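Encoded as structure tokens, the structure appears first; notes follow it.
The values are calculated or read from the model by the stated rules, or taken from the named source; none is laboratory data. Only a predicted model underlies this, so the values are computations on that prediction, with no experimental measurement involved. Virtual Cβ from ideal backbone geometry, glycine too; neighbours counted across all protein chains shown. Side chains are part of the model used for accessible areas, which takes the heavy atoms of the whole protein and leaves out ligands, DNA and RNA. Shrake-Rupley method; radii C 1.70, N 1.55, O 1.52, S 1.80 Å.
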Amino acid sequence: MKIQLLVLFTGALLGAGMSLALPRSGPTNLASETNLASELGATPCPDIAEVPASDSLRTLELPQFGVAIAIPENFRTRTLPDGTVEILDPGTFEVLRCIEQGGRAIAPRGMYSFRIRSLPNPANLALPDFLRQQGEADPSAQSGNLDAMPVLITRPEPGYTVRGWFKSPDSQTVIVLAESCDCELEYDDMRLWLQRTRLLP
């Protein structure tokens, strides 16, 4: 079991973008994102290594998801166009910002990603039924909890992503916590995040 957050934030990759039906897990790197930029002669991005997680934590409140999460104090956040909030180490954050501004990465670089998003559940399906609807196949899904809220933890093969799913207490949505990297993740890695997460009043 990985109990140090530092372990989780090294040698990792950015998970594939999440659509309404969450994508299949798997390792990726920046090579495919930078080939076109390279061909067009884009300016190289600075070679910024991943920055280790600080020992001190800060509280990130996300009222749109009804949660607050303790994250490393030096980590950065950004909001994607679909409302997903992404948590990244500062080095990865700067490389992605450079690429989005038209730069190109100097070499393929794996990245760690932790994302929070909500998915509509207008039929108020139970979590197992909702996961089947989303195509989240994990016959070994495990139970967890966030405060008193039941959580289902999934780890689709090949194990590069682990997700925590729970129903929002005051709306017809399901909140998804997703951790991805190019290392093998375990169910307990998500339990570590759940320990650092609380429901907002």
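Quick notes on this structure:
- Residues satisfying the criterion are absent from the range 58-65 (criterion: in contact with a Pro (Cβ under 9 Å, 6 or more places away or on another chain), under 17 Å from LEU194 (Cβ atoms), open to solvent by less than 80 Å² (accessible area, probe 1.4 Å) and modelled with pLDDT of 75 or more).
- All of PHE114, PHE130 fail the test of being in a strand (DSSP E or B), in contact (Cβ under 8 Å) with a residue 12 or more places away in the chain and open to solvent by less than 20 Å² (accessible area, probe 1.4 Å), apart from PHE114.
- Residues in the range 133-152 that are under 23 Å from GLN64 (Cα atoms), in contact with a Lys or Arg (Cβ under 7 Å, 6 or more places away or on another chain) and surrounded by 13 or more Cβ atoms within 10 Å (Cβ to Cβ): GLY144 alone.
- Subset tally (residues that are closer than 25 Å to PRO201 by Cα and part of a loop (DSSP other than H, G, I, E, B)) for the range 165-188: 5
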